[in-house]
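Shown next, in structure tokens, is the structure this report addresses.
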Amino acid sequence: MAALPKEVQYNKPMASLPAETSSMNVNVRPSNGQVFQRDGGDIIQFDLPAHSFLVPSSLVIRGLITIDPTTATPASCELFTKAGVPGAQWIQRVETIVGGSLVESVNDYGRLYSMLSQTNIDYATKAGLQTEFAFGGNNDKGGVGASAVPTFNNLNGRILQKGAASPNLAVAASFPFAIPLGCLLSSCSELIPLGHMGGVRIQLTTDQVANYIRNKTTATDLPVVKLTELELNFDLVDFGGAMDAVVRSMANADGDLVLKSQGWNVSNVNLPIQVAGSQSEFVYNVRLSSIKSLVLQGTGQAKSEMVNDLYDAVAVAGETGSTQFFIANKAYPQTPLRESNNAAVMSSLRQAFGEAHDIYHSNIAISNKSYAEIPSMGNATVSTHDEPAAHFVGMNTEKLSTNSVMMSGESSQLTPINVRLNPSQPTDAAATLTLYCCYDALIGINVNSRQIQVRV
């Protein structure tokens, strides 16, 4: 039977908004202070209004990060933010609290944001995001002078030079940022009815300065970092009073409205010193109902003043070793991923982000040097700030990868996730294996009790 394409279906009915519908852009300042400069552990709280509908993707954290180099020694030295997104590196944890109950906690948020920026933002887009993400610019080393060589490689972090060299950072300098907030609420596919929830708080915890800023000359002498002018920016939509009854009518028999979302779990295990050919199993006790994808990152100990340690992603299995994931005793992939086949490993990473069959619209911004030429931990030259190691190993674990279905990923509710490594060369320093798990989530909001339940 012939059918008209949608482009010529002129009388196709469309939804119309109530006449009283209005929208507004809102800025919320922290409820517990305006200046945050403790070396890690500062808690910053944003309380959302208890009315209207939140547009999930509109959540943005804005502010100023001020770096004062006067406390760093010697008089002439080079500081730099480690490879990542400077506007996000200071965030160690993001928590979502509804009605006084914790419903989400994401640790190592700055590192998660860095991984996602390399695997989901292409080079051209990253260049256009320099101002908002606080990247070093093509002609910018700290905002003073104009001698930096334009390259795409410096779109990972920011170099800050102190002292007589030009450009220099002799006094404190402030860098603005505006970064999208990634959490369960911002990933919802539906508008969030704040008026039917028992109060929503977004809570951020700051990281230690040593985890995201390095002094090239003296590792222990670090600048003071201060956060000011912080605000949570977002869009609200108000449909008018009549819409409240309509929304209530959509609740199920238990009074629940169900929102679809996805989140990230970040887990770390220690990687001990290993010998070549010694197969090892690493266990992650992550209990999730529907795991969509896995991304593995290996980080090593500092081998020189320029290593990015926590933010580097090195080839943990070596140049010819292999990696394999296990969920519910099912192997991903069926045969181990061999590091010698860089094309296959990169293809698997694309599959983890749904880009394997759409390579012409791929958003991965990882060069061949960053991915293929970085050696494994502990054995050779480490990467520099301008070219961070980006050897992420990814795996899609969904039964059907499409936006039309939910909860189609593998479950780890009964058994933990295992990562099997067969290194081809020894590691001479203990390190960390970080596993990022992307998972489906269903958020149930009870319109009667205003309580929230999250199924993950």
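So for M407, M395, fewest C-beta neighbours within 10 Å to most, what's the order? Can you show the working numbers first?
On the way: M407 17, M395 20.
Fewest to most other Cβ atoms nearby, the residues stand as M407, M395.
So for each of 120-129, 328-337, 80-89, 103-112 I average, over its residues, the number of other beta carbons within 10 Å; can you give me the resulting order with the highest mean first? Please list the in-between numbers first.
Values: 120-129: 15.0, 328-337: 13.1, 80-89: 27.2, 103-112: 21.7.
Sorting 120-129, 328-337, 80-89, 103-112 by mean packing, highest first, produces 80-89, 103-112, 120-129, 328-337.
Could you sort out which of K126/K292; K82/K292; K126/K226; K82/K126; K126/K216; K12/K260 sit more than 18 Å apart by Cα distance in this structure? Provide the component values of the computation, followed by the final result.
Details: K126/K292 25 Å; K82/K292 29 Å; K126/K226 25 Å; K82/K126 16 Å; K126/K216 25 Å; K12/K260 27 Å.
Exceeds cut-off: K126/K292; K82/K292; K126/K226; K126/K216; K12/K260.
Mind listing the phi-derived Karplus ³J(HN,Hα) values for the stretch 174-185, rounded to whole Hz, using 6.51, -1.76 and 1.60 with θ = phi - 60°, and x for any glycine or proline?
10, 10, x, 8, 8, 10, x, 8, x, 6, 4, 5
Determine the sum of side-chain charges near E104: Lys and Arg each +1, Asp and Glu each -1, restricted to other residues whose C-beta is under 13 angstrom from that of E104. It would help to have the intermediate numbers written out before the result.
Values: positive: R93, R201, R455; negative: E95.
That works out to +2.
Under a 5 Å amide H to amide H cut-off, with H placed in plane at 1.01 Å, what residues pair with E339 once short-range neighbours are removed?
Those qualifying (amide H under 5 Å, at least 5 residues apart or on another chain) are G321, S322, T323.
Per-residue counts of other Cβ atoms within 10 Å, averaged by peptide: what ranking do you get for 198-207, 12-21, 317-326, 246-255, highest first?
On the way: 198-207: 19.2, 12-21: 8.4, 317-326: 21.6, 246-255: 11.7.
In descending order of packing, they fall as 317-326, 198-207, 246-255, 12-21.
Please give me the summed charge of the neighbours of C437: other residues whose Cβ is under 13 Å from its Cβ, Lys and Arg +1, Asp and Glu -1. Write out the running numbers ahead of the final one.
Details: positive: R287, K292; negative: D108, E398, E410, D440.
Local net charge: -2.
We did not get these values from a lab; they are worked out from the coordinates using the rules stated. Quick caveat, the model's predicted, so the values are computed rather than measured. Don't worry about glycine lacking a Cβ; one is built from the backbone with ideal geometry, like all the others, and counts go over all protein chains shown.
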